[in-house]
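Shown next, in structure tokens, is the structure this report addresses.
The values are calculated or read from the model by the stated rules, or taken from the named source; none is laboratory data. Note that the structure is a prediction, hence the values are computed from the model and not measured. Cβ sites come from the backbone with ideal geometry, for glycine too, and all protein chains shown count toward neighbours.
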Amino acid sequence: MIVRIGAGAGFQGDRIGPAVDLAERGALDYLVFECLGERTIALAQQARMADPTGGFDPMLERRMRAVLRACVRNGTRIVTNMGAANPEAAAARTRAVARELGLAGLKVAAVTGDDVLGRIGGYVLDETGAPAGDLGERLVSANAYTGISGVVAALDAGADVVICGRASDPTLFLAPLVHEFGWARDDWTRLGRGTLVGHLLECAAQVTGGYFADPGVKDVPYLAGIGYPLAEVSEDGNAVITKLPGTGGQVTRATCIEQLLYEIHDPARYLQPDVVADFSGVEFREIGPDRVAVSGASGAPSTGMLKVSVGYRDGWIGEGQISYAGANCVARGRLAVELVRARLEPRASAMDETRGELVGVNSVWSGGAGGPQTAEVRMRFAARCRDLDTARLIGEEVEGLYLTGPAGGGGVTKQVREVLAIASTLVPATEVTTRVHMEEVRVEVA
């Protein structure tokens, strides 16, 4: 038995076209949309506070409308974390789309339980060293990285679409494999292998060459039409990573190795809710064009603790930008930075951090110097501020450079945004209980 599982998205803003291609001609058993980041769910919690019917992925409706018909036609089940801060509302919106498409009988499940905001107060945050409760009204969200239990339960109950919140990324792929193959919850080797499959697929086009590409160093064919990956998984948990014929990109040993190491602190101890995966013995073999066999992962018992991502308000960022071009543009840009910094000095006590830089010279590498051949620069000045009024002043001072600063400035932009900071802690897994809420789509007949 082989389970075919594909990646339809690797982040919230990912492209939809390659997912449609997988849904239509991938012959998939499962299509997974992994769309959550740590900051993404905190922002979703803010959105839900503003609108109780919101708080899920803003692209959910477009994605579902694009793939549901093909998935139903081809017997492909969908698993996703697009529920973000409101899985039940996301499930309701998905059922509404299915009704519009005439997909009667579709079973849509929401998995909840990852929101632990009401129970986080006594846990110490790694980044601050203080209990989360000390943040008071600044505390916005607290979501635990849940494991496979809720998703497996939904699939066992017959769900065609499973929508959850902050499950761990590999969980979205591991759960269907546990459901299909009936792996024991203490089969650490298979759980480790399934986690590897999830880790390789979770970022979608990263493993088919998107993030791998570096012109002249690591050339990747037809990036404009890059295809998203799929895995052909055997009952023992080993797999072949591939993509659809005719799509751009590539699947090679090198692309797989890069993705294997992505966001991994210790390859021998990749901590997940259901298993501590061991990738130290993984082997990749190219067995054909765009076909890489993956084997050698294993695992050990999980720690019994779950990571919690905590979001809290942490002030404001004010920013302004202005461009300088032509002769001496670097010097004029540097003078602009100096002028803004000096003019903001009276408000220094209301600013925790400032940054003045020239994009294209020293905005990424602080040692960049520019030179006489530099044709243009973009000056950016930003500050983390304790109040909104000070944050607004940053852009105003940059705009004021039009007539009170170096010659030739133009193209000013300015913005103010609230800072939503992220911290983390650990809670016992026994503190988190997932629940499944499933409804069948009913289409009224006139």
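If I filter segment 23-41 for residues that are part of a helix (DSSP H, G or I) and either among the hydroxyl-bearing types (Ser, Thr, Tyr) or not assigned by TED's automatic domain parsing to the domain that holds Asn86 (or both), do I get at least one hit? Show your work before the answer.
We begin by selecting, within segment 23-41, every residue part of a helix (DSSP H, G or I); these are 23-25, 38-41.
Those left that are additionally either among the hydroxyl-bearing types (Ser, Thr, Tyr) or not assigned by TED's automatic domain parsing to the domain that holds Asn86 (or both): 40.
Yes, segment 23-41 contains a residue that is part of a helix (DSSP H, G or I) and either among the hydroxyl-bearing types (Ser, Thr, Tyr) or not assigned by TED's automatic domain parsing to the domain that holds Asn86 (or both).
Could you check segment 23-58 and list, in sequence order, the residues that are hydrophobic (A, V, I, L, M, F, W, C) and under 18 Å from Glu88 (Cβ atoms)? Let's see the steps before the verdict.
In the first step, residues of segment 23-58 are kept if they are hydrophobic (A, V, I, L, M, F, W, C); the result is 23, 27-28, 31-33, 35-36, 41-44, 47, 49-50, 56.
Phe33, Cys35, Leu36, Ile41, Ala44, Ala47, Met49, Ala50, Phe56 - these are the residues of segment 23-58 that are hydrophobic (A, V, I, L, M, F, W, C) and under 18 Å from Glu88 (Cβ atoms).
Can you pull out the residues in segment 100-115 that are crowded, with 21+ Cβ neighbours inside 10 Å and either within 25 Å of the chain's Cα centre (by Cα) or aromatic (Phe, Trp, Tyr) (or both)?
Across segment 100-115, the qualifying residues are Val108, Ala109, Ala110, Val111, Asp114, Asp115.
Can you name every residue in segment 48-82 that is of a type outside the set (Phe, Trp, Tyr) and under 17 Å from the mean Cα position of the chain (by Cα)? Please lay out each step first, then the result.
Within segment 48-82, the first condition is being of a type outside the set (Phe, Trp, Tyr), and the residues that meet it are 48-55, 57-82.
Hits for segment 48-82 are Gly55, Asp57, Pro58, Met59, Leu60, Arg63, Val79, Thr80, Asn81, Met82.
Leu344 passes all but one of (1) within 30 Å of Gly408 (Cβ to Cβ); (2) out of contact with any Gly (no Cβ under 8 Å at 6 or more places or on another chain); (3) part of a strand (DSSP E or B); which number fails?
Only one criterion in (1) within 30 Å of Gly408 (Cβ to Cβ); (2) out of contact with any Gly (no Cβ under 8 Å at 6 or more places or on another chain); (3) part of a strand (DSSP E or B) is unmet by Leu344, namely (3).
The conditions are (1) in contact (Cβ under 8 Å) with a residue 60 or more places away in the chain; (2) at positive phi, and Gly370 fails exactly one of them. Which is it?
Against the list (1) in contact (Cβ under 8 Å) with a residue 60 or more places away in the chain; (2) at positive phi, Gly370 comes up short only on (1).
For Glu127, are the conditions met, namely being of a type outside the set (A, V, I, L, M, F, W, C) and touching a strand residue (DSSP E or B) at 6+ places or on another chain (Cβ under 7 Å)?
yes
If we keep just the residues of segment 25-37 that are surrounded by fewer than 18 Cβ atoms within 10 Å (Cβ to Cβ) and not hydrophobic (A, V, I, L, M, F, W, C), which is nearest to Ala175 (Cα to Cα)? Steps first, answer last, please.
Within segment 25-37, the first condition is being surrounded by fewer than 18 Cβ atoms within 10 Å (Cβ to Cβ), and the residues that meet it are 25, 27, 37.
Pick out the ones that are also not hydrophobic (A, V, I, L, M, F, W, C) and you get 25, 37.
On the way: Arg25: 23, Gly37: 19 Å.
In this case the residue turns out to be Gly37.
Give just the number: which of (1) among the small types (Gly, Ala, Ser); (2) at pLDDT below 95; (3) surrounded by fewer than 24 Cβ atoms within 10 Å (Cβ to Cβ) does Ala96 not satisfy?
All conditions pass for Ala96, except number (2).
Going by the conditions given, is Ala130 under 23 Å from Ser309 (Cβ atoms), over 22 Å from the mean Cα position of the chain (by Cα) and of a type in the set (A, V, I, L, M, F, W, C)?
Details: under 23 Å from Ser309 (Cβ atoms): yes; over 22 Å from the mean Cα position of the chain (by Cα): yes; of a type in the set (A, V, I, L, M, F, W, C): yes.
Taking the combined requirement at face value, the residue satisfies it.
Among the listed residues Ala85, Ala90, identify the single one that is touching a residue at least 60 places away in the same chain (Cβ under 8 Å), out of contact with any Lys or Arg (no Cβ under 8 Å at 6 or more places or on another chain) and crowded, with 19+ Cβ neighbours inside 10 Å.
On the way: Ala85 fails: out of contact with any Lys or Arg (no Cβ under 8 Å at 6 or more places or on another chain).
Going through Ala85, Ala90 in turn, the sole match is Ala90.
Where in segment 371-446 are there strands (runs of 3 or more DSSP E), lying wholly inside it, with at least 3 residues that are surrounded by fewer than 20 Cβ atoms within 10 Å (Cβ to Cβ) and within 27 Å of the chain's Cα centre (by Cα)?
Working: elements: 376-385, 410-428, 435-440.
Qualifying strands (runs of 3 or more DSSP E): 410-428, 435-440.
Of the numbered conditions (1) more than 23 Å from the chain's Cα centre (by Cα); (2) surrounded by fewer than 24 Cβ atoms within 10 Å (Cβ to Cβ), Ser149 fails exactly one; give the number of that condition.
(1)
Quick one: which residue in Gly54, Gly13 is surrounded by fewer than 16 Cβ atoms within 10 Å (Cβ to Cβ) and either assigned by TED's automatic domain parsing to the domain that holds Leu200 or free of Cβ contacts under 8 Å to residues at least 60 places away in the same chain (or both)?
Details: Gly54 fails: surrounded by fewer than 16 Cβ atoms within 10 Å (Cβ to Cβ).
One residue alone meets the criteria, Gly13.
Report the residue count in segment 279-292 for those that are part of a loop (DSSP other than H, G, I, E, B) and exposed (fewer than 15 other Cβ atoms within 10 Å of the Cβ). First the steps, then the outcome.
Step one: filter segment 279-292 for residues part of a loop (DSSP other than H, G, I, E, B), giving 279-282, 289-290.
Checking which are exposed (fewer than 15 other Cβ atoms within 10 Å of the Cβ) leaves us with 280-281, 289.
Residues that pass the stated criteria total 3.
Would you be able to tell me the number of residues in segment 6-43 that are within 19 Å of the chain's Cα centre (by Cα) and of a type in the set (Ser, Thr, Tyr)? Show your work before the answer.
Initially, segment 6-43 is screened for residues within 19 Å of the chain's Cα centre (by Cα), giving 6-19, 31-43.
Add one more test, that the residue is of a type in the set (Ser, Thr, Tyr), and what stays is 40.
Result for segment 6-43: 1.
With in contact (Cβ under 8 Å) with a residue 12 or more places away in the chain and out of contact with any Asp or Glu (no Cβ under 9 Å at 6 or more places or on another chain) as the only criterion, which of Gln321, Gln259, Gln250 stands out?
Details: Gln259 fails: out of contact with any Asp or Glu (no Cβ under 9 Å at 6 or more places or on another chain); Gln250 fails: out of contact with any Asp or Glu (no Cβ under 9 Å at 6 or more places or on another chain).
The conditions single out Gln321.
Looking at (1) outside the structural domain of Pro170 (by TED's automatic domain parsing); (2) surrounded by 15 or more Cβ atoms within 10 Å (Cβ to Cβ); (3) of a type outside the set (Val, Ile, Thr); (4) within 27 Å of the chain's Cα centre (by Cα), which one does Trp365 not meet, given that it meets all the others?
Going through the list (1) outside the structural domain of Pro170 (by TED's automatic domain parsing); (2) surrounded by 15 or more Cβ atoms within 10 Å (Cβ to Cβ); (3) of a type outside the set (Val, Ile, Thr); (4) within 27 Å of the chain's Cα centre (by Cα), Trp365 breaks only (2).
Looking at the structure I just gave you, is Gly333 assigned to a strand (DSSP E or B), outside the structural domain of Ser234 (by TED's automatic domain parsing) and in contact with a strand residue (DSSP E or B) (Cβ under 6 Å, 6 or more places away or on another chain)?
Working: assigned to a strand (DSSP E or B): no; outside the structural domain of Ser234 (by TED's automatic domain parsing): yes; in contact with a strand residue (DSSP E or B) (Cβ under 6 Å, 6 or more places away or on another chain): yes.
No: the conditions fail for Gly333.
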